[in-house]
Amino acid sequence: MAPVDSEFTLALQVPEPRPAPGFTPALLAWYDRHRRRLPWRAEAGEVADPYRVWLSEIMLQQTTVATVGERFVRFLARFPTVQALAAAPLEAVLAEWAGLGYYARARNLHACAREVAAKGGRFPDTAEGLAKLPGIGDYTAGAIAAIAFGRPVAAVDGNAERVLARCHRLEEPLPKAKPTLRRLTQDLVPADRPGDFAQSLMDLGSSVCLPRAPLCGRCPVARWCGGAAAGDAQRYPLKAEKAERPTRFGTAFVAIRARDGAVLLRRRPPKGLLGGMMEVPGGDWAEIEALAKPPFAADWRRLNQPVEHTFTHFHLVLAVEVAKVGDFAAAGEWHQRAHIAHVGVPTVFMKVLRAAGAV
Ligand code: SF4
């Protein structure tokens, strides 16, 4: 942990009990000076656009701000309103989402846009109403309600959890501690600036209360932080031990058309993992290695190195077989190399295509 400067040393010896009255004003004053400027955020004094807030929050689930930034701008240029998104075919949305991962989010995004558009294009303005829409959980509902509609509700993401768990030296591990952290955060939400408060916790967590090495000497709420006072902030939040991720194995067959380098892809079934996305043909993924049957006879050659990819619930090891083939009517679609990045190929299959030298 970074050393705590002398200004805070005296205050840190006696951390105040919760909820500390000065915590929220101090955090908001810091936010007014250090707020991040992000493409989906309203400038100080502007009203936030619910569509942008919703879209950014869905994109930011499981994806970093750095990755989302550019993709958000591109997505918004292609689907500038919730009505435009609702009117687009799902395939177009999935294609624009490619590479952001967790594709169920894109399917829910589309379903949600259709529901909102069907009701006149206005998002519900309460956390309860928002939470009834597809793909919107408690955190996202709270964030949209607070940021876009000024509702005094807590939006408790990983950043808020970290800050609050450290301030309170919470011994309850995550995920069990979520309701406690929600209550502790809710106690601090100001009636007049709930959206700024939500965003200030996000910014504090991403630039000061860092996961591995919190910068307590620069922290505007250090005087209310039990973890900083005790010198063990980085111990929090405690996390319950995770079950080990299983490994699954499979084979991907990359057929490259000899005359023009086009690659054979096919669409996955609409439901399930990576549903509706394009894939490199292959068999099932199982927890034991087995020889997979090629989609058709050809001079298949196996690459020395498999491709590995980690999903939320399992790690995947894919053997890659490559064949140069002639013209024939295959079950699937031929895609030119230059277009593959635009047809919605998930990261795992882009890795396969790169390993095979097909893109
Ligand atoms: Fe340090 Fe985080 Fe506590 Fe701030 S909130 S004093 S950065 S542990």
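The values are calculated or read from the model by the stated rules, or taken from the named source; none is laboratory data. Given the structure is predicted, the values throughout are model-derived calculations rather than measurements. When we count neighbours, we look across all protein chains shown, and the Cβ atoms used for this are built from the backbone with ideal geometry, even at glycine. Just the protein is used for accessible areas: all its heavy atoms, side chains included, with ligands, DNA and RNA removed. Shrake-Rupley method; radii C 1.70, N 1.55, O 1.52, S 1.80 Å.
Before moving on, here are some points about what is shown:
- Qualifying residue in segment 235-253 (condition: crowded, with 17+ Cβ neighbours inside 10 Å, within 16 Å of the ligand (Cβ to nearest atom) and over 27 Å from residue 338 (Cβ atoms)): yes
- Matching option when the condition is within 16 Å of the ligand (Cβ to nearest atom) and of a type outside the set (Gly, Ala, Ser), among 215, 291, 265: 215
- Test: residue in segment 38-54 that is outside any loop (DSSP other than H, G, I, E, B), among the hydroxyl-bearing types (Ser, Thr, Tyr) and either over 26 Å from the mean Cα position of the chain (by Cα) or at pLDDT 95 or above (or both): yes
- Residue satisfying condition, being open to solvent by 20 Å² or more (accessible area, probe 1.4 Å) and either touching a His at 6+ places or on another chain (Cβ under 6 Å) or within 16 Å of the ligand (Cβ to nearest atom) (or both), within set 90, 164: 90
- Among residues of segment 175-191 that are open to solvent by less than 70 Å² (accessible area, probe 1.4 Å), those with a Cβ under 8 angstrom from a residue that is of a type in the set (Val, Ile, Thr) and outside any loop (DSSP other than H, G, I, E, B), sequence gap 6+ or separate chain, pair up as 188/24; 189/24; 190/24.
- Filter result for residue 23 (hydrophobic (A, V, I, L, M, F, W, C), modelled with pLDDT of 95 or more and more than 30 Å from residue 168 (Cβ to Cβ)): no
- Test: residue in segment 221-234 that is among the small types (Gly, Ala, Ser), open to solvent by less than 30 Å² (accessible area, probe 1.4 Å) and away from the ligand (no atom under 16 Å from the Cβ): no
- Where a residue in segment 155-174 is on the phi > 0 side of the Ramachandran plot and its partner, wherever it lies, is within 15 Å of the ligand (Cβ to nearest atom) and part of a helix (DSSP H, G or I), with Cβ under 6 Å and at least six apart: 169/226; 169/227
- The set of residues in segment 274-292 being aliphatic (A, V, I, L, M) and open to solvent by 80 Å² or more (accessible area, probe 1.4 Å) consists of 288, 291.
This table checks each residue for (1) more than 12 Å from the ligand (Cβ to nearest atom); (2) not β-branched (Val, Ile, Thr); (3) not assigned by TED's automatic domain parsing to the domain that holds residue 123.
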site	(1), (2), (3)
160	no, yes, no
177	yes, yes, no
181	yes, yes, no
185	yes, no, no
189	yes, no, no
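- Among the conditions (1) free of Cβ contacts under 8 Å to residues at least 40 places away in the same chain; (2) within 30 Å of residue 219 (Cα to Cα); (3) open to solvent by less than 30 Å² (accessible area, probe 1.4 Å), the only one that residue 133 does not satisfy is (2).
- Failed item, numbered, when residue 203 is tested on (1) under 18 Å from residue 33 (Cβ atoms); (2) open to solvent by less than 10 Å² (accessible area, probe 1.4 Å); (3) within 10 Å of the ligand (Cβ to nearest atom); (4) touching a Phe, Trp or Tyr at 6+ places or on another chain (Cβ under 7 Å): (3)
- Residue match in segment 331-347 (condition: open to solvent by 20 Å² or more (accessible area, probe 1.4 Å), outside the structural domain of residue 105 (by TED's automatic domain parsing) and under 24 Å from residue 245 (Cα atoms)): yes
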